[in-house]
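To start, the structure itself, in structure tokens.
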Amino acid sequence: MTKPSTASPRGVRSLCGASSASSTLVGSKLFFDKRDNSDFDLLTVSETANEPPQDEGNSFNSPRNLAMEATYINHNFSQQCLRMGRERYNFPNPNPFVEDDMDKNEIASVAYRYRRWKLGDDIDLIVRCEHDGVMTGANGEVSFINIKTLNEWDSRHCNGVDWRQKLDSQRGAVIATELKNNSYKLARWTCCALLAGSEYLKLGYVSRYHVKDSSRHVILGTQQFKPNEFASQINLSVENAWGILRCVIDICMKLEEGKYLILKDPNKQVIRVYSLPDGTFSSEEDEEDEEEEEEEEEEEET
């Protein structure tokens, strides 16, 4: 978390909760962000199970390798659900994260949308949201959709249910087990869909081709929900989520101007805030940008 003099173009994505994030305070502006290419982007697997994965080292069932596998599956599934070879649905503005020298055809299809909310009379919140795809109705109406993936890695662990046997006949039992083992992940996806204003949340059920092979997978089924209905189904209180966010914002706004790290304690229901020295987590590009801005300011003064 930072209260800096410059802001990244990214908005707050913290309604869903997170293990760690940085924030910056610039004047009366507060920015929540994360480090690029960090474990923050990896999807957790069975994080909220009674007995989470405990394998260590290079085991393909270690927490990190499971997270890498889940992230890989989720990315590929979201692209496989799209119709390729047809004209894409385009927003008025181009993707701000695509460089000029990049091949546009190789960039994963995703749409970014910045939305604003008022949290009381004194707080304006701007959030960068994402849509994974669009659906066109019979009358040509467009519906936005978020596409996510639940993956089965070994039904013998975490009180799992064998999807190949139960998915068609007892899908409710599968969802109930996933909600128990991955409640944070499901709540996060639902919050993201609600924030983005997506009409639908599509879940894919993907399993390993063989329990001991984490490189090959098979799609067993899909299921589609309306985000607000799914939030009620999983007992996710959106009002409570907004209240938590407002509380975090109020705490951060009372801090001195600077850069901070917000960390969820893995063993306790506690969020900790740590003050960071200037330049922490900054990349070389960030430092170069700051130097260029300082030089421009000096030129203007002279």
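No lab work stands behind these numbers, since they all come straight from the coordinates. Note that this is a predicted model, so its numbers are computed, not measured. Don't worry about glycine lacking a Cβ; one is built from the backbone with ideal geometry, like all the others, and counts go over all protein chains shown.
Things to note:
- Packing-based order for 227-235, 62-70, 208-216, 191-199, using average beta carbon neighbours within 10 Å, highest first: 191-199, 62-70, 227-235, 208-216
- Most to least packed among 175-184, 263-272 [average Cβ atoms within 10 Å]: 175-184, 263-272
- Global form of segment 46-126, assessed from the alpha-carbon gyration tensor, a/c cut-off 1.5: oblate
- Rounded to 0.05, the FRET efficiency of the Ala176 and Glu99 pair, given R0 = 41 Å and the Cβ-Cβ distance, is 0.40.
- If R0 is 41 Å, the Cβ-Cβ spacing of Ser143 and Glu257 corresponds to a FRET efficiency of close to 0.45.
- Shape call, segment 120-190: gyration tensor on alpha carbons, a/c limit 1.5: oblate
- Listed values for segment 218-230 are Karplus-derived 3J(HN,Hα) couplings in whole Hz (6.51 cos²θ - 1.76 cosθ + 1.60, θ = phi - 60°), namely 9, 7, 8, x, 9, 8, 10, 10, 8, x, 5, 6, 5, and x replaces Gly and Pro.
- Of Lys212/Lys264; Lys180/Lys226; Lys166/Lys264; Lys185/Lys268; Lys166/Lys212, those spanning more than 24 Å from alpha-carbon to alpha-carbon: Lys212/Lys264; Lys166/Lys264
- Label-to-label distance, nm, for residues given as Thr222 and Ser59 (7 Å Cα→Cβ offset): 3.5 nm
- Taking Cβ atoms as reference points and 13 Å as the exclusive limit, the residues near Gln233 contribute a net charge of 0, counting Lys and Arg as +1 and Asp and Glu as -1.
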